[in-house]
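Data first, discussion second: the structure below is written as structure tokens.
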Amino acid sequence: MTMVAQGARTGDDPGLVGNAGPREFLTFALGGENYGMDILKVQEIRGYDAVTRIANAPAFIKGVINLRGTIVPIVDMRIKFGLGDPEYNQFTVVIILSVARRVVGIVVDSVSDVIALGAGDVKPAPEFGAALSTEFITGLGTIEDRLLILLDIERLMSSSEMSLIEDASTH
């Protein structure tokens, strides 16, 4: 029997809302907000280095890097989420992810830590109607005084606009 918390949207990751076992999330900062994603999707964390630009790629695709023989597209999440101009400094990192049978990197302002959240720590994402899409938000996590926006990174990276990553990295 699948348990779904009251108010959870259909299609949400059933492992987040309504599952009694704690799950681990990598937390990171982006534009002054705290986000979290399933630690199992993270392959490695690297400092931000120069990338090779891809002609005609959308602004959020910074380019590609060669990671031990694998060409990895790099997405700047600040640009992707419309959070202003990115600032690259000593805290800026690239999180290398393994999602949808491919490797992709995301640029974030900084990585915080790994936390475990139980079902009682995760609330369903609020509905904002058509004004704001929450399709990539699986819930809101609370830990001490912090509110974490929990992302379904798999859904985000495999969305139709992100299929451009596939195109950009194969040319």
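What follows is calculated from the coordinates using simple rules that are stated; it is not laboratory data. These numbers come from a predicted model, not from an experiment. Cβ coordinates were reconstructed from backbone atoms using ideal geometry, including for glycine residues, and neighbour counts include every protein chain displayed.
For the pair Arg146/Ala100, report the inter-label distance in nm, with labels modelled 7 Å from Cα in the Cβ direction.
Each label point lies 7 Å from its Cα, and together they span 2.8 nm.
Neighbouring Cβ atoms within 10 Å as the yardstick, rank Val103, Val114 fewest first. Please report the intermediate quantities before stating the final value.
Details: Val103 16, Val114 12.
Lowest to highest Cβ neighbour count: Val114, Val103.
Let's test the formula: R0 of 25 Å, r as the Cβ-Cβ distance of Lys123 and Ala29. What FRET efficiency results, to the nearest 0.05?
Values: r = 20 Å, r/R0 = 0.82.
For Lys123 and Ala29, the calculated efficiency is 0.75.
So what are the stretch 23-170's ellipsoid semi-axes, whole angstrom, largest first, if each one is the square root of 5 times an eigenvalue of the alpha-carbon gyration tensor? Walk me through the numbers before you get to the answer.
On the way: eigenvalues 125, 57, 44 Å².
Gyration-tensor ellipsoid for the stretch 23-170: 25, 17, 15 Å.
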